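Remarks on the structure that follows.
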Amino acid sequence: MLVLSLGACTLSSEELEFKRAQEAAASGNNEAALEHYKKIVDRYVKTPQAIKSAQEAARISHYELKKFPEAIKYYKHIILYAPTDAARIDAQKKIADLYFSQTLDYPQAIAEYSRLLELPHTDKEDGQYRFAMARAYFYQNDFFQSQVEIDKILATKADKDLAFDALLLKANIFLSNKKLDDAINALKDIMTKYPDRAKAETIGLVLAICYEEKKDFSKAVETLESIKNDYPRKAFIENKIKALKERQSLLPGARGLRK
């Protein structure tokens, strides 16, 4: 016991606090662990142990306790004091994602992704950041700026999944603005370029709805006929076709369409 006591006395107050934090985390007491890590970060700020404490505090706040504003605070500490670019950039990514997907603070998310674009990043990351920004603008009904970011993505050699998502978001912008012809062209482009994913995500059904909005019932029926064998709810498509034909038969000048 004497040896243990003497060993414990050799630990600094910072190390003791860190040990308590680790023990609390290991026992599942995340609230207590977070409090211990907070004391180290607040008191020692820039030391390696304080930076590691900030990383652990961010992890616990983010993933265990879902205290997202707290997590953001610790990620910002990492950005200020972490010794490596990789650690700082990773923290910046997490801040951007938290503002976008958790706090739903879209203006701030856009600002954080803009910062990421100024840091070293790959072409793939460039597309991912811009797509997140495009979505954030879209959710704020800033359709013009959303389309600006989408067009930047589509002007590059984006991978197929990202290009599909970007083009689909562009179609949604057109739909939101009631630009049905532009939406139709975008959806047809998707079906031509990405037939497998378009089929999996029933883009043909969206296209048919666009034609229906335009009261072009024959095109809507034609589109539904082309996808009904691949649609998991074939009966739904057949009923939709029947309803459209009924509506078409009621148009002024329609003849011989009612069966």
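The values are calculated or read from the model by the stated rules, or taken from the named source; none is laboratory data. As the structure is a computational prediction, the values presented were derived from the model and not from experiment. Neighbour counts run over all protein chains shown; Cβ positions are idealised from the backbone, glycine included.
Considering only residues in the stretch 15-67 that are under 20 Å from ASP97 (Cβ atoms) and among the hydroxyl-bearing types (Ser, Thr, Tyr), the one that is nearest to the chain's Cα centre (by Cα) turns out to be TYR63. Restricting the first member to the stretch 27-51 and to residues that are at negative phi, and the second to residues that are surrounded by 14 or more Cβ atoms within 10 Å (Cβ to Cβ) and β-branched (Val, Ile, Thr), the beta-carbon pairs closer than 7 Å and six or more apart or on different chains are ASN30/ILE60; ALA33/ILE60; LEU34/ILE60; GLN49/ILE40; ALA50/ILE40; ALA50/VAL41; ILE51/ILE78. Would you please name the residue that is nearest to the chain's Cα centre (by Cα), looking only at residues in the stretch 154-181 that are in a helix (DSSP H, G or I) and polar (S, T, N, Q)? Here the residue is ASN172. How many residues are hydrophobic (A, V, I, L, M, F, W, C), farther than 19 Å from SER61 by Cβ and at pLDDT 95 or above if we restrict to the stretch 3-49? Qualifying residue count, the stretch 3-49: 1.
Okay, residues lined up against (1) within 30 Å of ALA158 (Cα to Cα); (2) of a type outside the set (A, V, I, L, M); (3) not in a loop (DSSP other than H, G, I, E, B):
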{"residue": "LEU207", "(1), (2), (3)": "yes, no, yes"}
{"residue": "LYS219", "(1), (2), (3)": "no, yes, yes"}
{"residue": "ASP230", "(1), (2), (3)": "yes, yes, no"}
{"residue": "ALA235", "(1), (2), (3)": "no, no, yes"}
{"residue": "ILE241", "(1), (2), (3)": "no, no, yes"}
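Checked against the criterion of being within 25 Å of PHE68 (Cβ to Cβ) and touching a Ser or Thr at 6+ places or on another chain (Cβ under 9 Å), the candidates TYR137, TYR113, TYR106 yield just one match: TYR137.
Filtering the stretch 225-256 to residues that are of a type in the set (A, V, I, L, M, F, W, C) and over 19 Å from LEU168 (Cβ atoms) leaves ALA235, PHE236, ILE237, ILE241, ALA243, LEU244, LEU250, LEU251, ALA254. Can you tell me how many residues within the stretch 88-99 are in contact (Cβ under 8 Å) with a residue 24 or more places away in the chain and touching a Phe, Trp or Tyr at 6+ places or on another chain (Cβ under 7 Å)? Total satisfying the criteria: 4.
Restricted to the stretch 60-105, and to residues that are of a type in the set (Val, Ile, Thr) and within 25 Å of ALA136 (Cβ to Cβ), which residue is surrounded by the fewest Cβ atoms within 10 Å (Cβ to Cβ)? Per the stated criteria, the residue is THR103. Somewhere in the stretch 234-249, is a residue modelled with pLDDT of 85 or more, under 20 Å from ILE184 (Cα atoms) and of a type in the set (Phe, Trp, Tyr)? No, there is no match, as no residue in the stretch 234-249 is modelled with pLDDT of 85 or more, under 20 Å from ILE184 (Cα atoms) and of a type in the set (Phe, Trp, Tyr).
Does the stretch 182-193 include one or more residues that are assigned to a helix (DSSP H, G or I), over 30 Å from the mean Cα position of the chain (by Cα) and farther than 26 Å from TYR106 by Cα? No, the conditions are met nowhere in the stretch 182-193. Pairing residues of the stretch 116-143 that are surrounded by 13 or more Cβ atoms within 10 Å (Cβ to Cβ) with residues that are modelled with pLDDT of 95 or more and of a type in the set (D, E, K, R), at Cβ distances under 6 Å and at least 6 apart in sequence or on separate chains, gives ARG130/GLU149; ARG130/LYS152; MET133/GLU149; ALA134/GLU149.
So, of the residues in the stretch 23-59 that are part of a helix (DSSP H, G or I) and of a type in the set (Lys, Arg), which turns out to be surrounded by the fewest Cβ atoms within 10 Å (Cβ to Cβ)? Out of the qualifying residues, it is ARG43. Here THR202 does not fit the description of being loosely packed, with under 13 Cβ neighbours inside 10 Å and within 30 Å of ASP151 (Cα to Cα).
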